[in-house]
Amino acid sequence: MNNAATSWPKPEEVGEAMAKAVCRLPGTANRGGIEDVNVFDQVREELALLMGVSCPEQIALGCNSTWGLNQALFGFPLEAGDTVLTTKAEHNAVLRPLYRMAQEGVKVVYVRTDESGRILPERWEAALKEHRPRLCVLNHASNVTGAVNDAETLCALAHDHGAAFLLDLSQTLGYIPVKLETWGVDLAAFTGHKYLLGPQGTGGLYVRPGLVLRPHMVGGTGVKSDLKEMPEEMPLHLEAGTGNEPSYHGLLAALRWSREHPLDREAVDGVLQYLADGLAALGCRVIWPDAPRMPVLSFTVPGYTPEEAGDILTGSYDIICRTGLHCAPDIMEDIGMPSGTVRLSLSRFTTRKEAGEALAAVRDLTESVQL
């Protein structure tokens, strides 16, 4: 129950595709090899369908969403004195690059969340009016509470005040419908190993047509080797070095499997509701955002620190969960849990029976405190 960290199990086709890719001749990647397969372009086409974009070539592929976020933040044309507006709900993949940028003279402003971890449009707009940022950065959904933000509204507000908009899709892509072009999103980072059901080592960045970033990494592309700088056209402009071909074969298999097996979100929500109700009945403090939300539950168990409860759940009951600050330390004050939480995050495969086993384990914890 740690799918917000990385999804498991994966469809069988993912591992099979990766094994085949390792054993056969490598694809071209502009560097020689077999010419009839370009897995990276095929992945781009599948991702474009999911993201709601019409130009797959605007999707640069790298090793994860952290790569994409770093490329977006360090590649955006910011100067000392410019302002970036972000939120207290962000992951360290955003917070740490912004900290470095602040050391170099960029002003960073953080908008607080409500008690569920969601950004309220009125707070967002007030900060836009006051600080006039050049760039806004928003986590589409909190990895701590599962609260999904209204990206379309918050993006429109950013544009109304002259700011570009970077959306972190790490948690949501593959679970929540995304329409980047309709929403007007300028930049969007994503990862392949969470709700896309692919392997680790996959992810990237969408850049809207017309927006040019300074490449954060430079190096070989396999073509135009005489140029001193990276080629101007996307996605080559941002894709330096040899890509992770076997893992992208796995991601392609996952994307195709998901398209052929549509997600039953109602069924997942039913298991999540059962788990939330059960935890609350046991006296746990549960963060329960209004819909839309991801299948994520943060809670605390009376009488235990999050770390103590998580160690027992994993060590004694084989329930794999996450505890602590979840790489998003700034949100904890806003949700009233400064010491962190226990987090259970479900997948499309999590059953009501498994949720019941988790509840039985937590019941044992609460009853031991009463004794």
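When the Gaussian network model of the chain links Cα atoms closer than 10 Å, the mean-square fluctuations of 59, 119, 335 top out at 335. Model label sites at residue 223 and residue 256, defined 7 Å from Cα along the beta-carbon direction, differ in position by 2.4 nm.
Counting lysine pairs in the chain that sit 8 or more residues apart in sequence, or on different chains, and whose Cα atoms lie under 30 Å apart gives 14. Given axes a ≥ b ≥ c from the Cα gyration tensor, I'd like to know whether segment 198-294 is rounded (a/c under 1.5), prolate (a/b larger than b/c) or oblate. Judged from the Cα gyration tensor, segment 198-294 comes out prolate (a/c at least 1.5, a/b above b/c). Only one residue of 202, 108, 22 has its Cα farthest out toward the positive end of the dipole of the chain, where Lys and Arg carry +1 and Asp and Glu -1 on Cβ, and that residue is 108. Stokes-Einstein diffusion for segment 121-182, with the hydrodynamic radius set to the Kirkwood value over Cα pairs and evaluated at 4 °C in a medium of 1.567 mPa s, equals 107 µm²/s.
So how strong a dipole does the chain carry about its Cα centre when Lys and Arg Cβ are +1 and Asp and Glu Cβ are -1, to the nearest 20 debye?
Values: 32 positive and 47 negative charges, 59 e Å.
The dipole of the chain has a size of about 280 debye.
Using the Cβ-Cβ distance between residue 129 and residue 370 with R0 set to 41 Å, the FRET efficiency from 1/(1 + (r/R0)^6) comes to roughly 0.20. Comparing 247, 65, 316 in a Gaussian network model of the chain (Cα springs below 10 Å), the most mobile by mean-square fluctuation is 316. Cα-based values for the chain, radius of gyration first and Dmax second, are 21.2, 74 Å. Here 55, 23 are placed in order of increasing Cβ neighbour count within 10 Å, fewest first, which gives 23, 55.
In this simple spin-label model, placing a label point 7 Å from the Cα along the Cα-to-Cβ direction at both residue 285 and residue 232 gives a separation of 5.6 nm.
Considering only 24, 285, 118, the Gaussian network model of the chain with Cα springs below 10 Å gives its largest mean-square fluctuation to 24. Sequentially through segment 85-95, phi angles give Karplus couplings (6.51, -1.76, 1.60; θ = phi - 60°) of 9, 9, 9, 6, 8, 6, 7, 4, 5, 9, 4 Hz, Gly and Pro residues having no value and appearing as x.
If you take every DSSP beta bridge whose two residues both sit in segment 12-260, what share of them, in percent to the nearest 5, is antiparallel?
Values: 10 of 26 bridges.
Approximately 40 percent, going by the DSSP bridge assignments.
Read-outs: derived from the displayed coordinates by stated rules, not from any lab. Just so we're clear, the structure is a prediction, and the values are computed from it rather than from any experiment. Here the Cβ is made from the backbone with ideal geometry for all residues, glycine too, and neighbour counts use every protein chain on show.
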